[in-house]
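Asks: Just passing along the structure, written as structure tokens.
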Amino acid sequence: SRRRHTRFKCDWSSDVCSSDLLVDTADLNEIATALRLPGVQGITTNPTLVARACGATALARGEYQSAVTRLLQHLDNLAPSRTIQRIVMVQGIGGTADILDFARHCMSHVDPARWQLWIKLLPTWGALSAIDALRESGVRSIVTAVFSPAQARVAMAAGADGIAVYVGRLQAEI
């Protein structure tokens, strides 16, 4: 059973809120199957899942970027043709400059009419420092692996478009 993430988005100007179901994988077969299911709007992945899809336990930075590039290049073929814009979330790694280079690279492999690119960031100084530049590039950011209310507050103060809270661990903090 594959984990699934629900990302809530709200348009506060119109008071309309919806949730998008994202499949958490980098496996092309799983993505193709999931994107045909009702309600699944996209994918989210991370370096561990990308490595697993490549048959490895870990990947070097260059190998990770190459594997993500291959994934992004296949997205249009995997998603049924629809008029909706889908979501793809990939995790940036490294420091601020590395994350920004990675985001620019990803943007060059995503059709913005079909896919909305989000870069997942860990709650570290280097990653959070990339948020403003990501936004200026038209890329949304979500801070992931948030384990405490303090991390959530810092992520939002840094301007993240969203946070991925690990609820079980957050409840232990409250």
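Asks: For SER108, work out the one condition from (1) within 22 Å of ARG70 (Cβ to Cβ); (2) among the small types (Gly, Ala, Ser); (3) touching a residue at least 12 places away in the same chain (Cβ under 8 Å) it doesn't fulfil.
Replies: (3)
Asks: Another one. Counting just the residues of segment 32-72 that are among the charged types (D, E, K, R) and exposed (fewer than 13 other Cβ atoms within 10 Å of the Cβ), which one comes out modelled with the highest pLDDT? Working first, answer last.
Replies: At the first step, the residues of segment 32-72 found to be among the charged types (D, E, K, R) are 36, 52, 61, 63, 70.
Checking which are exposed (fewer than 13 other Cβ atoms within 10 Å of the Cβ) leaves us with 36, 61.
Values: ARG36: 89, ARG61: 95.
The extreme case among them is ARG61.
Asks: Could you tell me which of the residues SER13, SER81 is part of a loop (DSSP other than H, G, I, E, B), open to solvent by 60 Å² or more (accessible area, probe 1.4 Å), more than 27 Å from ASP132 (Cβ to Cβ) and at pLDDT below 95?
Replies: The match here is SER81.
Asks: So which residues in segment 21-52 are free of Cβ contacts under 8 Å to residues at least 12 places away in the same chain and either part of a helix (DSSP H, G or I) or small (Gly, Ala, Ser) (or both)?
Replies: Matches in segment 21-52: ASN29, THR33, THR48.
Asks: On the basis of being among the hydrophobic types (A, V, I, L, M, F, W, C), at pLDDT 95 or above and closer than 20 Å to SER66 by Cβ, does ILE131 make the cut? Let's see the steps before the verdict.
Replies: Values: among the hydrophobic types (A, V, I, L, M, F, W, C): yes; at pLDDT 95 or above: yes; closer than 20 Å to SER66 by Cβ: no.
For ILE131, the condition - among the hydrophobic types (A, V, I, L, M, F, W, C), at pLDDT 95 or above and closer than 20 Å to SER66 by Cβ - is not met.
Asks: Only one of (1) open to solvent by less than 20 Å² (accessible area, probe 1.4 Å); (2) free of Cβ contacts under 8 Å to residues at least 40 places away in the same chain; (3) in a helix (DSSP H, G or I) is not met by LEU75, so which one is it?
Replies: It is condition (2) that LEU75 fails.
The values are calculated or read from the model by the stated rules, or taken from the named source; none is laboratory data. All values derive from a computational prediction rather than experimental measurement. Using ideal geometry, Cβ is built from the backbone for each residue, glycine included, and neighbour counts are taken over all protein chains shown. Heavy atoms of the whole protein, side chains included, go into the accessibility calculation; ligands, DNA and RNA do not. Shrake-Rupley method; radii C 1.70, N 1.55, O 1.52, S 1.80 Å.
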